[in-house]
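One structure is given below, encoded as structure tokens.
Every number here is computed from the coordinates shown, using simple stated rules; none is lab data. Being a predicted model, the structure only gives us computed values, none of them experimental. Every residue, glycine as well, gets a Cβ built from its backbone with ideal geometry; the counts of neighbours run over all protein chains shown.
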Amino acid sequence: MKNNIVLCGFMGCGKSTVGRALAARLNYEFCDSDAVIEQREGTAISTIFAEKGEPYFRELEKTVIRELSEQKGLIIATGGGAVLNPENAESLRKTGLVIFLDITPKAVLKRLEGDTTRPLLMRDDKEAAVNELMTKRKPLYAAAGHHTVNAELPVEKAVEKIVELYVKNGSKS
Ligand code: S3P
């Protein structure tokens, strides 16, 4: 059985972009937990937050993470808040290799300039929002990940590093 590879990290770190490239490289199926949630609810994450609130979103996220963790041979891109819940972090660490894609606040701000799809960053002072969240979250991402990969590497380089780690650290169960 092929263990999953899970990508975690801050909004804008490239979990979906790297995840898709990794899935193509390994010929695995790619799954984005946010996309599954949007499909189930029939609407965008920002609308779910606005109409039903963050706790409702986090419950959906927990269910989706649990379901994806029960499958095999997947590349899973998680939402930036998923691994902050210890229950999610535990099921993801059991399902395969968890990679923390580490990015600086500066790079996040550059990549997400003009973005309106992240409700947690829809504040007048986006820079303060990113810095505050990053300070709180970085230790949790690092603890959830089995390994850390620099998210500012070109996508192909990040993919090769992750493949190397996966091959070395037990791609099979
Ligand atoms: C969130 C990150 C988002 C999405 C939601 C909450 C977070 O996913 O799950 O807006 O708490 O960091 P991305 O990391 O894919 O942007």
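Here are a few things to note about the model shown:
- All Cα pairs of segment 62-126, percent lying beyond 16 Å: 55 percent
- Paramagnetic label zone (point 7 Å from Cα along Cα-to-C-beta, residue 122; backbone N under 13 Å) in segment 38-55: 44-54
- Among the trypsin sites (Lys or Arg not before Pro) in segment 53-161, those placed in a DSSP loop whose Cβ has at most 12 other Cβ atoms within 10 Å are 123.
- Potential lengthening between residue 164 and residue 109 on full extension [0.36 nm per residue; Cα-Cα distance subtracted]: 16.9 nm
- Above 20 Å, the calculated P(r) of the chain contains 49 percent of its Cα-Cα pairs.
- Gained length - residue 70 relative to residue 142, 0.36 nm times residue gap less alpha-carbon distance: 23.6 nm
- With the simple model of a label 7 Å out from the Cα in the direction of the Cβ, residue 157 to residue 25 spans 1.3 nm.
- In Hz, Karplus ³J(HN,Hα) per residue of segment 62-70 (6.51, -1.76, 1.60; θ = phi - 60°; x = Gly, Pro): 4, 4, 5, 4, 4, 5, 5, 5, 7
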